[in-house]
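What follows is a short report on a single structure.
Nothing in this text is a laboratory measurement; each read-out follows from the coordinates by a stated rule. The model shown is predicted, which means the values in this text are computed figures rather than measured ones. No Cβ is skipped: glycine too gets one built from the backbone with ideal geometry, and neighbour counts run over all protein chains shown.
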Amino acid sequence: MEIEQTVMALAALAQPTRLQAFRTLVKHEPEGLAAGDLARALEVPQNTLSAHLSILSRAGLVSSERHSRSIVYRADLAKFQKVALYLLQDCCGGRPEVCALLIESLQPCCPPTRKQRSRA
């Protein structure tokens, strides 16, 4: 990942409404959320939210898809992962003990459930 892309993504998230919008879209993965529903959830005028979503889209953090008369937005978790990994790469300068607490805190709060194999 390039430094310019990382800076653009971080700048897009460095505004309260955009950060809140992104976090809300993450909670609605993988289905996404219609723009109007997102505006209501955030209690933000639709035209204001549209400008924020445009910035997040240009940064590559959200994508949109038209469904009939509405536009559904989704968080691009792969792009967010790239941004986070770019920031964390070599964070400890070859000394893993420096980052131990950080790495431990990155453990998922709700790990995926394993599917049980059916016995035939």
Note to self: Relative contact order for the chain: what percent, with Cα pairs under 8 Å and sequence separation of 6 or more?
What the structure shows: 25
Next item on the list: For segment 3-78, report the convex hull volume of the alpha-carbon atoms normalised per residue, in Å³, without decimals.
Entry: 78
Next item on the list: Please work out how much length the chain gains when fully extended from L10 to L87, using 0.36 nm per residue of separation minus the C-alpha to C-alpha distance, in nm with one decimal.
Entry: 26.7 nm
Checklist line | Cα-centred dipole magnitude for the chain, charges only on beta-carbon of K, R (+1) and D, E (-1), debye, nearest 20 | finding: 560
Checklist line | Which of L13, L88 has the fewest Cβ neighbours within 10 Å, and the rest in rising order | finding: L88, L13
Margin query: Per DSSP helix of 4 or more residues, -39500 (n - 2.57); summed, then divided by the residues of the chain. What does that give at 222 nm, rounded to the nearest 500?
Written below: -16500 deg cm²/dmol
Item checked: Between helix 3-13 and the chain: long-axis angle, C-alpha atoms, 0 to 90°, nearest 10 -> 60
Note to self: Angle check, please: helix 16-27 long axis (alpha carbons) against the longest principal axis of the chain (alpha carbons), in degrees 0 to 90, nearest 10.
What the structure shows: 80
Check: Taking +1 at the Cβ of each Lys and Arg and -1 at the Cβ of each Asp and Glu, which of L56, G32, I71 sits farthest along the dipole of segment 3-78 towards its positive end, judged by Cα position relative to the Cα centre?
Finding: I71
Item checked: Degrees, to the nearest 10: 46-58 long Cα axis against longest axis of the chain -> 40
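Calculate the dipole size of segment 1-46 relative to its Cα centre from +1 charges on Lys and Arg beta carbons and -1 charges on Asp and Glu beta carbons; express the result in debye to the nearest 20.
Numbers: 4 positive and 6 negative charges, 38 e Å.
I would put it at about 180 debye.
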